[in-house]
1. Just round it to a whole percent: the fraction of Cα-Cα distances in the stretch 177-346 exceeding 26 Å.
2. Quote the relative contact order of the chain in percent (integer), defining contacts as alpha-carbon pairs under 8 Å separated by 6+ residues.
3. Once R0 is set to 56 Å, what does the formula 1/(1 + (r/R0)^6) return for the Cβ-Cβ distance between residue 357 and residue 217, expressed as a FRET efficiency to the nearest 0.05?
4. Any chance you could give the angle, 0 to 90 degrees and rounded to 10, that helix 119-134 forms with the longest Cα principal axis of the chain?
5. I want to check the label-to-label distance for residue 52 and residue 303. Put each point 7 Å from Cα in the C-beta direction and report it in nm to one decimal.
6. Only counting other Cβ atoms within 10 Å, I'd like 224, 367 sorted with the fewest neighbours first.
7. Could you give the nm distance between label points at residue 34 and residue 369, where each point is 7 Å from its Cα heading toward the beta carbon?
8. Give me the angle, in degrees from 0 to 90, between the Cα long axis of helix 318-330 and the longest principal axis of the Cα atoms of the chain, rounded to the nearest 10.
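Any read-out appearing in this document is the output of simple, stated calculations on the displayed coordinates, not a laboratory observation. These numbers come from a predicted model, not from an experiment. Here the Cβ positions follow ideal geometry from the backbone for every residue, glycine too, while neighbour counts run over all protein chains shown.
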């Protein structure tokens, strides 16, 4: 089918890997199909999508019936609707009988762990997300781990795997390494680990800080930069003060262009208890600027990237995180070469073109079987 028009439904406050995934899809698929990003509300993702001149529409933030979405589908000749995230999944449960075109859910994370930051939300919203996901007949999974999760939990329907990808040929560095290091008081002698992730229990930054405290006791001129915000921010600040690391751990808050900070450091690091997408977008961003990476040994990360190209850590072990951080420091004379090696091995396998083509194949299959 030619000129496929896809409406991407996503929450307007999704500024993590899922939001970046959808922005990349809309930006780079133009020669294959046309994406319209439909955000629930007018938050940060809506603003960023508009600023990138992506075809973007704003729907009600908390729709009860989705009439505005239904009207848009009919009036704009949409061929397929792609839902991303817990709230859009649950919305689909109410829309599915009225939508006369194919729909598909893209699963970016383990739905069982999306609300671990709040006990009440976890108890209330996790079952709703499950109900919403169950209402689909088609699934796009951002890793084989997520596909296996759906199969294990008896989700019936067509399942596709689309690994994350990015444009390695056009990397946007908006603030130079030198300017960032100067702004945050980082000297050229400092060896810097950079964590770009929302401050959420599943991202396990408490363990990262504790591991860094062990490193800081044993190695000189080390710093940790955490880029992001979220529900864990006050707990992280308290831990930093208790460990007397306020001059060693830098919290930047949310930044739109996290890759600037990765570029300003020596090593990217992620210690999450769960990562649905493989490879995580922040790993690809680190590879794009030729920085070595420490990743959690969860999901499909090791198998997809290659266990010999990165350090894999047990997220439940502070000691293991510390040891891998220490090993990276001790190999600081080789770390640039290790980052170059990661880049060389990733650019073709996880290119933006492959990413978009995987989506095109999924959409064509869904439309041919309607």
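1. Across the stretch 177-346, Cα pairs with separations above 26 Å total 18 percent.
2. Relative contact order, the chain: 16 percent.
3. 0.70
4. 40 degrees
5. Calculated label separation equals 2.9 nm.
6. 367, 224
7. Placing both labels 7 Å along Cα→Cβ, they lie 2.7 nm apart.
8. 70 degrees
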